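Q: Supplied in structure tokens, the structure appears directly below.
The values are calculated or read from the model by the stated rules, or taken from the named source; none is laboratory data. Since the model is a prediction, treat every value here as computed from it, not as a measurement. With ideal geometry, Cβ positions are generated from the backbone for all residues, glycine too; neighbour counts draw on all protein chains shown. These area figures cover heavy atoms from the full protein model, side chains too; ligands, DNA and RNA do not enter into them. Shrake-Rupley method; radii C 1.70, N 1.55, O 1.52, S 1.80 Å.
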There are 2 protein chains.
Amino acid sequence: MSHTDAPAATPRRDQIRREAARLFAARGFLGVGVDEIGKAVGITGPGLYRHFPGKDAMLADLLVGISERLVDEGRRRAQGADAAAALDALVRGHIDFALDDQDLITLHDRELLHLKDEDRRRVRRLQRSYVELWVDVVRRAFPEPSGLAGEPGARAAVHAVFGLLNSTPHSAAARGAQPVLDRDSMAALLHRLALGAFSAAAGTAGHDR
Amino acid sequence: MSHTDAPAATPRRDQIRREAARLFAARGFLGVGVDEIGKAVGITGPGLYRHFPGKDAMLADLLVGISERLVDEGRRRAQGADAAAALDALVRGHIDFALDDQDLITLHDRELLHLKDEDRRRVRRLQRSYVELWVDVVRRAFPEPSGLAGEPGARAAVHAVFGLLNSTPHSAAARGAQPVLDRDSMAALLHRLALGAFSAAAGTAGHDR
DNA sequence: CAATGGAGTTAATTAACGTTAACTTACAGG
DNA sequence: CCTGTAAGTTAACGTTAATTAACTCCATTG
């Protein structure tokens, strides 16, 4: 009741969410004016204030939303005794997000700094939970005599693999008419890249150089 | 002569470059004012105009600079007949950039959209050259019956590995007092993750699912 | 010693943007 | 039919930010 109140999902509000996400991803939060967002949904700028208390609130809504969905879906997939299977499920789930919600994935780690302190703390907490989820699974999947059994190493590897999986928007940025990979091929490729990265990092720590 | 003229490296200008990069990385290009940049180097905002023609020009200078350095250093490292050795050298070189110039790596793929068309085209060209460099080496390092022999697959994999290597700023964002990895451990970890990713993606295309 | 130009300063200009106010319209319910 | 409310509109307000103008201050140099 004290924090930013619940979202509520009317059709108009959902439309605003979609268009705002698209515009923020394309030109940055500060680079988009409320008039522009309004125009994208067929109303004037100030009309948006019937649906959101302000521009900041739209961004907060988007980032909290995607963060919660990531954690919820992640928790669902991480359970079960078999750590290798859990990791596989986490990777697949994240790939789905990265491919289906490119705009949100882009905003998620780019516009965090434009949130008001309270909202930023909230999103950070959720992001931290999501990372913890992965770190635990990774450490169980690659136990003791491995390069990923330790906290800091596993954490850094997880961050790095997030960077890898979230790279889709950058690949797609070269869109136009090129013969890019179709969704399934891209998903399969990302899956192999991610698991291959973890396996190699887990392998005996000293075969580089 | 028609495009943005040559940089020229006076001490003051270099100082401005450093501080501007730091501030842009921390709060975004549109989120920092010229007065703030001025203050960081000990002068007032308008004083900056003796050294750069405008705020846009500072960003352009930074992005063109890092892009050129990446391509130059990349070309140097990619030469030689042994494709595997060349790939290894490219990875090591990129890791050095990612660890030593975190601010610039952050800006490099985040603030591109705030450049004027002409500068953006120029940076895009350089980035494309850099990707080409990697794609060629990857395809030679993992030839025909491999998942990375084809153009689109190799290109997507390279983008993904860039995302992985450029993840350092995000890891470091959790800075504070945590026992993060020291530079050498981080470099070694990233190296294993990157090469492991490529190897796994190259391996026979159908062992997932 | 005069003059020139680089490096700053403060003040003014201009444009844009988020938000609020006041007013309109359409429709749902008693 | 009347009334209230949700969802818009246009106009106005207050701020902020980039850039330019006009002016000082030195340090060099002819």
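Q: Yes or no: A:ASP56 among the acidic types (Asp, Glu) and either more than 9 Å from DNA strand C (Cβ to nearest atom) or more than 14 Å from every other protein chain (Cβ to nearest Cβ) (or both)?
A: Values: among the acidic types (Asp, Glu): yes; either more than 9 Å from DNA strand C (Cβ to nearest atom) or more than 14 Å from every other protein chain (Cβ to nearest Cβ) (or both): no.
Criteria not met by A:ASP56.
Q: List the pairs whose first member sits in region A:151-168 and is facing chain B (nearest Cβ under 7 Å) and hydroxyl-bearing (Ser, Thr, Tyr), whose second member is assigned to a helix (DSSP H, G or I) and open to solvent by 10 Å² or more (accessible area, probe 1.4 Å), and whose Cβ atoms are under 7 Å apart, counting only residues at least 6 apart or on separate chains?
A: A:SER167/B:HIS159; A:SER167/B:PHE162; A:SER167/B:GLY163
Q: Looking at region B:135-148, which of its residues are within 13 Å of chain A (Cβ to nearest Cβ) and either within 17 Å of B:ALA81 (Cα to Cα) or without any contact (Cβ under 8 Å) to a residue 12 or more places away in the chain (or both)?
A: Residues of region B:135-148 that are within 13 Å of chain A (Cβ to nearest Cβ), as a first pass: B:135, B:138, B:142, B:146-148.
Listed by number, the residues that qualify are B:VAL135, B:VAL138, B:PHE142.
Q: Of the residues in region A:31-53, how many are hydroxyl-bearing (Ser, Thr, Tyr) and within 8 Å of DNA strand C (Cβ to nearest atom)? Break it down stepwise before answering.
A: Initial filter on region A:31-53 (hydroxyl-bearing (Ser, Thr, Tyr)): A:44, A:49.
From what is left, the residues that are within 8 Å of DNA strand C (Cβ to nearest atom) are A:49.
Adding up the residues that qualify gives 1.
Q: Are any residues in region A:56-81 within 16 Å of DNA strand D (Cβ to nearest atom) and open to solvent by 40 Å² or more (accessible area, probe 1.4 Å), and if so, which ones?
A: Once the filter is applied, which keeps residues that are within 16 Å of DNA strand D (Cβ to nearest atom) and open to solvent by 40 Å² or more (accessible area, probe 1.4 Å), region A:56-81 yields only A:ASP56.
Quick grid of which residues meet (1) among the charged types (D, E, K, R); (2) within 18 Å of B:GLY203 (Cβ to Cβ); (3) open to solvent by 10 Å² or more (accessible area, probe 1.4 Å):
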position: B:ALA84; (1), (2), (3): no, yes, yes
position: B:ALA89; (1), (2), (3): no, no, yes
position: B:LEU113; (1), (2), (3): no, no, yes
position: B:ASP117; (1), (2), (3): yes, no, yes
position: B:VAL123; (1), (2), (3): no, no, no
position: B:ALA157; (1), (2), (3): no, yes, no
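Q: Could you figure out which of (1) buried (at least 17 other Cβ atoms within 10 Å of the Cβ); (2) free of Cβ contacts under 8 Å to residues at least 60 places away in the same chain isn't true of B:ASP100?
A: Among (1) buried (at least 17 other Cβ atoms within 10 Å of the Cβ); (2) free of Cβ contacts under 8 Å to residues at least 60 places away in the same chain, the lone unmet condition for B:ASP100 is (1).
Q: Do we find a residue being modelled with pLDDT under 95, within 12 Å of another protein chain (Cβ to nearest Cβ) and assigned to a helix (DSSP H, G or I) anywhere in region A:115-128?
A: The answer is no, given that none of the residues of region A:115-128 is modelled with pLDDT under 95, within 12 Å of another protein chain (Cβ to nearest Cβ) and assigned to a helix (DSSP H, G or I).
Q: How many residues are open to solvent by 50 Å² or more (accessible area, probe 1.4 Å) and at the interface with chain A (Cβ under 7 Å from one of its Cβ atoms) if we restrict to region B:180-194? Reasoning before the result, please.
A: Of all residues in region B:180-194, those open to solvent by 50 Å² or more (accessible area, probe 1.4 Å) come to B:180-184.
With the extra rule that they be at the interface with chain A (Cβ under 7 Å from one of its Cβ atoms), the set shrinks to B:180-181.
Going through region B:180-194 one residue at a time, the tally reaches 2.
Q: Before we move on, is B:ARG27 free of Cβ contacts under 8 Å to residues at least 12 places away in the same chain, surrounded by fewer than 16 Cβ atoms within 10 Å (Cβ to Cβ), within 16 Å of DNA strand D (Cβ to nearest atom) and within 14 Å of another protein chain (Cβ to nearest Cβ)? Working first, answer last.
A: Numbers: free of Cβ contacts under 8 Å to residues at least 12 places away in the same chain: yes; surrounded by fewer than 16 Cβ atoms within 10 Å (Cβ to Cβ): yes; within 16 Å of DNA strand D (Cβ to nearest atom): yes; within 14 Å of another protein chain (Cβ to nearest Cβ): yes.
Considered against the rule, which asks whether it is free of Cβ contacts under 8 Å to residues at least 12 places away in the same chain, surrounded by fewer than 16 Cβ atoms within 10 Å (Cβ to Cβ), within 16 Å of DNA strand D (Cβ to nearest atom) and within 14 Å of another protein chain (Cβ to nearest Cβ), B:ARG27 comes out as yes.
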